[in-house]
1. Stretch C231-S378 to full length: gain in nm at 0.36 nm per residue minus the Cα-Cα span?
2. How much length is gained on full extension from I431 to S13, taking 0.36 nm per residue of separation minus their Cα-Cα distance?
3. Please flag any cysteine in the chain that has no other cysteine's Cβ under 4.7 angstrom from its own Cβ.
4. Give me the angle, in degrees from 0 to 90, between the Cα long axis of helix 274-284 and the longest principal axis of the Cα atoms of the chain, rounded to the nearest 10.
5. Take the Cβ-Cβ distance between Y46 and Q168 as r, set R0 to 41 Å, and report the resulting FRET efficiency rounded to the nearest 0.05.
6. Out of the total accessible area of the chain (probe 1.4 Å, heavy atoms of protein only), what percent is carbon and sulfur?
7. Residues of the chain: accessible area per residue at 1.4 Å, in Å²?
8. Give, in nm to one decimal, the length gained when the segment between I124 and N473 is fully stretched (0.36 nm per residue of separation minus the Cα-Cα distance).
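The values are calculated or read from the model by the stated rules, or taken from the named source; none is laboratory data. Being a predicted model, the structure only gives us computed values, none of them experimental. Cβ: placed from backbone, ideal geometry, glycine included. Neighbour counts: every protein chain shown. What goes into the accessible areas is simple: the full protein's heavy atoms, side chains included, and nothing from ligands, DNA or RNA. Shrake-Rupley method; radii C 1.70, N 1.55, O 1.52, S 1.80 Å.
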Amino acid sequence: MAALDAIDSYLFSLSRAFCSPLAIFVQIQGCAICLFLALGWALAAYVRNREINRMKSSMRRGNSFAFLCHDINELEHSRQVQLPRVSVVMPLKGFGEHNLHNWRSQITSLYGGPLEFLFVVESIEDPAYRAVSLLISDFKGEVEAKIIIAGLSTTCSQKIHNQLIGVQNMHKDSKYVLFLDDDVRLHPGSIGALTAEMEKNPEIFIQTGYPLDLPSGSLGSYCIYEYHMPCSMGFATGGKTFFLWGGCMMMHADDFRYDRYGVVSGLSDGGYSDDMTLAAIAGAHKQLITSPPVAVFPHPLSSDLSFSRYWNYLRKQTFVLESYVTKVNWIMNRALFSSHCYLSWGFVAPYVMALVHLTAALRAYVKGYRFEETSSTSTGLILVTCLAVCTLTELLSMWNLTRVEVHLCNMLSPEAPQLSLASYNWLLVFIAMLVDNFLYTICAVRSHYSQSINWSGIRYHLKDGKISKIDRNKAMGPKFTDLSGKKLYGKKASPPKGSFVISLAQSLAQWRQPKKYDV
């Protein structure tokens, strides 16, 4: 009994301490962060919803192809034959459960102009090589596609190396190059929409988009969804943005042919992150980055995405801030590092204090203390109530943006299984918010002091913001990637036949089955 009284006394003292001016400031700051996120998501939802209304208005005017373009006259043959050639470069690594669906959505684009697809792999031993070989054979004569063997990178990340080898092999007449990750699920009109924006505004340096995560049900998948959501407001501007996502980047092909602004040299000379490097180059040369409102892509996460795989993904994301191109870029990254760490723990701290206030109030109620004896507890409950209201506002705004983006994706891909919010667990979303923000600072500090990272089985070491050393050891690396659960290594490949055809057919059949998010 004496021990319980001592715990109560300490609990009440802690609750009183959390009512000091500094503690109240921290809790008010937590409420402000919630409201800021809620406002940002509300504005992002407005931009996406405006595009939905434009499509609906176009459909009411008799345009049944509004998911391709708002003006049906643009689909006339005389306009389609004038469309510029686009080369789509896809750096691949491994093969997983969603890759076939994603690749099919990319090569079955309804873009009316000349289009080529360049699948770039490190070697024929990569499991993606055999999978893509079969896919290309299925569409032989229907699409212009080929596989390119890039070999091993020596001065930059393997992904950047694959991208640069891809642009070296693109058609000489290509006006634009579109870089896509293999986890991007395109809409039928995505390539056409991106190209149309580039044609309307030649000043655009890079066009980008952003994924809509579809959590698989595990806490790790919800942590990734929550991690991506704050960034989504930077991509939902409907125009100019300072953000860049490497999963979808359309650029002028001549920028690579002539190394304008140092894009090739900047990437190849120790480049670790393609999007961060190109964003730094754009900022240094005051070049325009835009993100059209239709550039939001469904991103199903692996059905077996474990918490450890989420941690590895977070490590890679925080490690990006350790790479830089210029001194200004280094300063910007340090500012992002510091502010993100501060805001992450500034977001979590009020919930820890709220838990103490609630526990103290419950114990005071059980003990039957008078109001005068628990005034600090009453103050704490007022702070808890404010935090609860702000949190509900934030979650409601997040839900609304997700709802709008799900609706937009369904309209942009009318032929695909319709996405739904029914599979989202909003209690897990709230838990993921706390877990992700708590771990971010720990992860960022570790990345800062380690200066090395294991990315898809390859360990990169940084020095002065650039890759200085690359270690390859399959025995020490992971066998699966973080988000999509892709198998990274395979045996030396031969032309696909026999049992492999059967296995891919089974994968395709599994893809056609309704998923949790295809309700």
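1. 49.3 nm
2. That works out to 147.8 nm of additional length.
3. C19, C69, C156, C223, C231, C248, C341, C386, C409, C443
4. For 274-284 against the chain, the angle is about 90 degrees.
5. Numbers: r = 42 Å, r/R0 = 1.02.
After rounding to 0.05, the efficiency reads 0.45.
6. Details: 14350 of 23240 Å².
After summing per-atom areas, the C and S share lands at 62 percent.
7. On the way: 23240 Å² over 519 residues.
Here the residues of the chain average 45 Å² of exposed surface.
8. Contour length minus Cα-Cα distance gives 123.9 nm.
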